[in-house]
Protein chains: 2
Amino acid sequence: MSKSESSDTAQYAFDGLDRVLHEKARLGMLSSLMANPQGLLFNELKDLCNLTDGNLSRHMQVLQDAGLVEVWKGTQGKRPQTLVRMTEQGRERFMRYINVLEQIVNDAIEASRAGKQVPNARRTGWDWSPA
Amino acid sequence: MSKSESSDTAQYAFDGLDRVLHEKARLGMLSSLMANPQGLLFNELKDLCNLTDGNLSRHMQVLQDAGLVEVWKGTQGKRPQTLVRMTEQGRERFMRYINVLEQIVNDAIEASRAGKQVPNARRTGWDWSPA
DNA sequence: CCCTGTACTTTCCAACGCAAAGCAACCCGC
DNA sequence: GCGGGTTGCTTTGCGTTGGAAAGTACAGGG
């Protein structure tokens, strides 16, 4: 079996793509919270991200455990309400992630521009067959 | 349980984030292949994305089944070699995905600029306690 | 009282990613 | 010419995860 020479040659390994952040639902939540730094209520967030209750609850916990958001349990009268906000660390990590995304996007656009018309050439001196 | 009003209010649902594409390893593979439209050999791709053999094999199949890449089995002398290329559909879907990413990135940068200094204000008329 | 609604939490299961093991063909030394 | 190593992948097995559904808790309303 072959060895991996780490990121020396691996320019497309995308090490910066943090698993916790790189996830549809969570990315949506964090984006919402970045746009609403004062925090969002459980149901506001749920609607913004189009998540089910259970789903949101689950992902919220993940983000909280990771220290990316802070969760406040509150009441008005006696109705419980949960408020979520980004932490400072959350902001930082999110922006770091976004920077990686930006890089990927730029590279992709660059690549797609560069490789517009590709010849049908496979490698010569080989016999290829599909699939 | 609450209903989801679809994407009317759900501006952060990120429906465009195709699951097949939105995945570290696969995103890396596709980026590599976009940058090398003539195709890449199994091991070239493996090194570029810093993947193990098994891993690459698995993800390649997923991408192939999704119609995003085409796979050519070939030989030189008698050594087998696998060549992978983007399909036209692959290119399209990838760029669509990248456009969504771009949007997310721009929104995030915008949001982070806008919400620089946030007051510590929670919602008034409530009693909050952490976690 | 009970029943409906709100506000979440927990449970369960299928799908997925990843590492390790497996397989097949070739090449080399002796 | 046949064992052992190498190359080039594939397959298997397992631990983790995301998501739907079910569950809990409490608060009005009839």
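Table for the structure above
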read-out	value
Modelled FRET efficiency - R0 25 Å, A:ASP107 with B:ASP107, Cβ distances, 0.05 increments	0.80
Percent of C-alpha pairs per 5 Å bin, the protein assembly as shown, short to long	1, 6, 12, 15, 15, 13, 10, 8, 7, 5, 4, 2, 1, 1, 0, 0
Ellipticity estimate at 222 nm from DSSP helix runs (n ≥ 4, -39,500 (n - 2.57)) divided over the protein assembly as shown, nearest 500	-15000 deg cm²/dmol
q = 0.17 Å⁻¹: log10 I(q)/I(0) that the Debye formula gives for the stretch A:17-114, counting C-alpha atoms only	-0.74
Förster radius 25 Å - calculated FRET efficiency between B:VAL71 and B:MET95, Cβ distance, rounded to 0.05	0.75
Heavy-atom accessible surface of the protein assembly as shown: percent carbon and sulfur, 1.4 Å	47
Distance (nanometres) between label positions extended 7 Å along Cα→Cβ at A:THR9 and B:TRP128	5.2
For the stretch A:17-114, size of Cβ-based charge dipole, Lys and Arg +1, Asp and Glu -1, in debye	380
Highest-fluctuation residue, A:SER57, A:SER31, A:SER112 considered, GNM on chain A with Cα pairs under 10 Å	A:SER112
Per residue accessible area in Å² of the stretch A:17-114, where ligands, DNA and RNA are left out and the probe is 1.4 Å	44
Accessible area buried at the B-A interface, both sides summed, 1.4 Å probe (Å², nearest 100)	6400
Listed residues B:THR52, B:THR75, B:THR87, most fluctuating in chain B (Gaussian network, C-alpha, under 10 Å)	B:THR75
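The values are calculated or read from the model by the stated rules, or taken from the named source; none is laboratory data. This is a predicted model, so every value here is computed, not measured. Cβ: placed from backbone, ideal geometry, glycine included. Neighbour counts: every protein chain shown. The protein model used for the area step is the full one, side chains on, heavy atoms only, and it has no ligands, DNA or RNA in it. Shrake-Rupley method; radii C 1.70, N 1.55, O 1.52, S 1.80 Å.
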